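Reading through the structure tokens given below for one structure.
Values in this text are rule-based calculations from the coordinates and carry no lab data. Just so it is clear, the structure is predicted and the values come from calculations on it, not from any experiment. Note: ideal-geometry Cβ built from the backbone for every residue, glycine included; neighbour counts use all protein chains shown.
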Amino acid sequence: MALIAILLIWIAIFLYIWYLDSKLKKGNKK
Amino acid sequence: MGKILLFLLMSYVIIWAYIFPAPQQSLGEVSRIFYFHVPSAWVSVLAFLVSMLNGIIYLKKRDLNYDIKSSSASQIGLLFAFLATVSGSMWAKVSWGAYWNWDPRQVSIFILLLIYGAYFALRSAVLENDKKAALSAVYSILAFITVPFLVFIVPRVFESLHPATSVVDQNLKIQMSPKVSLVFFPSLVGFTILFFWIWSLQVKISQRVELKKGG
């Protein structure tokens, strides 16, 4: 259970950083 | 592609940190936090080093981009130092009986947090960009001089409950079982890549903030 919780936290952190990364890249193109 | 590899690497670390036996049997199950606590501390030292190097480059070239790189690295360094402190005190609660014991290791990280906290207080106190950048660059160099002393020397000189030989022994030889190494070193690599990724994003964000302020 703890393993799944930590994996989910990691997935959330990863997706958020990825989202921020792609948003900044899009901003640079504009 | 690199991002997917980082995702898989960190997922591997998280899963195997749970599946393999606890790294320090004498400290029990809680010692699994070792796989995240030590890499967090490592990233904070690395970030403070990157901050100092960019500070030196700023002093040479007087290009504000290096000031942004330096302060962004310090921000992330402070965040990871805080994570190392929190994970360490959770470990301390189970192993030593209290979250905070004023152990030499805890005192040294506390001083380090104060030193880098003061770095941001200094930055926010100076309004002129060039002056702020020059002062922070000099401060980041002075602050980093204390890092090896506070992180590596103080806890080894004074009697501490904190283990000093969990990664390398006194002859600087890696002393870990192969199973622990199989999780620990990928974790170090993963945390390092994660640092450089977050740092590059933080630099871009700070550059935009500066652009908005300027124009």
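Report, to two decimal places, the Cα Rg of the stretch B:31-214 normalised by 2.2 N^0.38 Å (N = number of residues).
Working it through for the stretch B:31-214, the quotient is 1.10.
Determine by what factor the alpha-carbon radius of gyration of the stretch B:74-162 differs from 2.2 N^0.38 Å, reporting the quotient.
1.25
With unit charges on the beta carbon (Lys/Arg positive, Asp/Glu negative), name the residue among B:L188, B:H37, B:S95 whose Cα is farthest towards the positive pole of the charge dipole of the stretch B:31-214.
Final value for the positive-end residue is B:L188.
Hey, in the GNM for chain B with a 10 angstrom Cα cutoff, which one of B:L49, B:L78, B:L127 fluctuates hardest?
B:L127
For a footprinting-style exposure proxy, rank B:S181, B:S72, B:S26, B:S206 by other Cβ within 10 Å, fewest first.
Fewest to most other Cβ atoms nearby, the residues stand as B:S26, B:S181, B:S206, B:S72.
Give me the angle, in degrees from 0 to 90, between the Cα long axis of helix B:34-61 and the longest principal axis of the Cα atoms of chain B, rounded to the nearest 10.
On a 0 to 90 degree scale, this one is about 20.
About the Cα centre of chain B, what is the dipole size in debye to 20, counting +1 per Lys and Arg Cβ and -1 per Asp and Glu Cβ, all else neutral?
It works out to roughly 560 debye.
If you line up the long axis of helix B:129-148 against the longest principal axis of chain B, both from Cα atoms, how many degrees apart are they, to the nearest 10?
Roughly 20 degrees between the two axes.
Of the residues B:L201, B:L46, B:L188, which exhibits the maximal mean-square fluctuation in a Gaussian network model of chain B defined by a 10 Å Cα contact cut-off?
Among B:L201, B:L46, B:L188, the largest GNM mean-square fluctuation belongs to B:L201.
Within the set B:K69/B:K212; B:K3/B:K213; A:K23/B:K3; B:K3/B:K204, which residue pairs have Cα atoms separated by over 26 Å?
From the list (B:K69/B:K212; B:K3/B:K213; A:K23/B:K3; B:K3/B:K204), the Cα-Cα distance tops 26 Å for B:K3/B:K213.
Using only Cα atoms and rounding to the nearest 10 degrees, what angle (0 to 90) does helix B:64-95 make with the longest principal axis of chain B?
20
For a distance above 22 Å, tell me the whole-number percent of Cα pairs in the protein assembly as shown that qualify.
Everything past 22 Å amounts to 59 percent.
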